[in-house]
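Notes follow the structure.
The values are calculated or read from the model by the stated rules, or taken from the named source; none is laboratory data. A quick note: this is a predicted structure, and the numbers were derived from the prediction, not measured. Neighbour counts run over all protein chains shown; Cβ positions are idealised from the backbone, glycine included. Each accessible area value is taken on the protein alone, full model and side chains, heavy atoms only, with ligands, DNA and RNA left out. Shrake-Rupley method; radii C 1.70, N 1.55, O 1.52, S 1.80 Å.
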Amino acid sequence: MTAKYPVKKEFQSGNGYSKEDWDAVDSPELTDEELASARPAAEVLPKAFFDHVDEVRRGRGRPALEQTKQTITIRLDPDVIERYRSSGRGWQSRINDDLRKLSGLGK
């Protein structure tokens, strides 16, 4: 069995653990018999575990939008920015809505 990451055979300082931590770990390499008797996680762990993993993976991020907004830089007078910011969360969206109305694009 080949490791996907480098396996340290001897203690090296500067890896986030002490020599005492290194010495406290007692995990000898698996024998051929132990490897042969190992079972896949799907056979050992309950189905609910995998259901939860799938749910967590699906729940990341927000759903993709049909039309995404573009990030731009715009210079506005400080009093205009303060007026919108003082109205609370979503002030940038309110600026966008007002610009749509003024440009005749509607909502």
**Request:** Please calculate how many Å² of accessible area the chain carries per residue, with a 1.4 Å probe and no DNA, RNA or ligand atoms counted.
**Result:** 101 Å²
**Fill in**
For the chain, the accessible surface attributable to carbon and sulfur atoms (probe 1.4 angstrom, ligands and nucleic acids excluded) amounts in percent to 52 percent
**Prompt:** For the chain, which DSSP H helices look membrane-span-like by this rule: Cα extent along the axis of 15 Å or more and mean Kyte-Doolittle of at least -1.0?
**Reply:** 47-58
**Request:** Give, rounded to the nearest 20 debye, the magnitude of the charge dipole that the chain has about its Cα centre when Lys and Arg contribute +1 at Cβ and Asp and Glu contribute -1 at Cβ.
**Result:** 1320 debye
